[in-house]
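> Below is a structure I'd like to ask you about.
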Amino acid sequence: MSVIDIAKTQLNYQEGQNNDTKYGKWYGLNNQPWCAMFVSWCFNEVGKSASVAAQTKKGFASCDAGLKWFAKNGKVIPVGKAQAGDIVFFQFDDDAQPDHVGIVVSNDGKKNLTCIEGNTSSGKTGSQSNGDGVYERKRPYSMIMGVARPL
């Protein structure tokens with residue numbers, strides 16, 4: 001199975017109270033924002049944890065730490081070259097810090113990426129960076145801070 005196949009099996013997973021998730025429990029930081037732990041869990045499930053080991057051997061829990069690690073290791077690519085299995089970091093406000101992360105499913109060539117994301121909302125309402133579940137989302141390039149090709 002690919003990382004996309006694994007991520008798809010998690011679609012519509014919903015957290016419990018106070019960010020209670022199987023991803024947080026697995027990573028060892030339950031009840032915290034969990035988008036990065038979801039991405040790390042997916043890579044772990046396909047035996048590729050080392051390719052996302054920005055903070056621990058399991059991966060990363062901080063979007064900022066993840067993006068910096070991928071940049072330091074020469075893994076950041078232009079957003080227009082994003083493809084399935086890449087990791088995408090989002091910027092939803094103007095603080096120059098990545099707010100959220102997901103896994104690229106496809107790039108439509110029209111400046112949009114379809115991604116599977118943990119800890120987001122299913123639609124336009126609700127928090128995009130601290131939502132309630134795993135959903136497939138279409139995001140414009142304008143929301144993207146960086147794309148990493150881990151493999």
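> Do you know which residues across the range 92-107 are closer than 18 Å to Tyr135 by Cα and either modelled with pLDDT of 95 or more or crowded, with 16+ Cβ neighbours inside 10 Å (or both)? Write out each step before concluding.
Step one: filter the range 92-107 for residues closer than 18 Å to Tyr135 by Cα, giving 92, 99-107.
Within the range 92-107, Asp99, His100, Val101, Gly102, Ile103, Val104, Val105, Ser106, Asn107 meet the criteria.
> Return yes when Phe70 is outside any loop (DSSP other than H, G, I, E, B), surrounded by 23 or more Cβ atoms within 10 Å (Cβ to Cβ), touching a residue at least 60 places away in the same chain (Cβ under 8 Å) and among the aromatic types (Phe, Trp, Tyr) and no when it is not. First the steps, then the outcome.
Details: outside any loop (DSSP other than H, G, I, E, B): yes; surrounded by 23 or more Cβ atoms within 10 Å (Cβ to Cβ): yes; touching a residue at least 60 places away in the same chain (Cβ under 8 Å): yes; among the aromatic types (Phe, Trp, Tyr): yes.
Criteria met by Phe70.
> Then there is this: Restricting the range 84-98 to residues that are touching a residue at least 24 places away in the same chain (Cβ under 8 Å) and assigned to a loop (DSSP other than H, G, I, E, B), which is farthest from Asn19 (Cα to Cα)? If you could, list the steps in order and put the result at the bottom.
Of the residues in the range 84-98, the ones touching a residue at least 24 places away in the same chain (Cβ under 8 Å) are 84-92, 97-98.
From what is left, the residues that are assigned to a loop (DSSP other than H, G, I, E, B) are 84-86, 91-92, 97-98.
Working: Ala84: 27, Gly85: 25, Asp86: 25, Gln91: 21, Phe92: 20, Gln97: 21, Pro98: 19 Å.
Result: Ala84.
> Follow-up question, since we're still on this one. Sort through Ala50, Ala61 and tell me the only one that's outside any helix (DSSP H, G or I), out of contact with any strand residue (DSSP E or B) (no Cβ under 8 Å at 6 or more places or on another chain), over 27 Å from Lys110 (Cα atoms) and of a type in the set (Gly, Ala, Ser).
Numbers: Ala50 fails: outside any helix (DSSP H, G or I).
Just a single option satisfies the conditions, and that option is Ala61.
The values are calculated or read from the model by the stated rules, or taken from the named source; none is laboratory data. Note that the coordinates shown come from a computational prediction; the quantities given were computed from them, not determined experimentally. Reconstructed Cβ throughout: ideal geometry from the backbone, glycine too, with neighbour counts over all protein chains shown.
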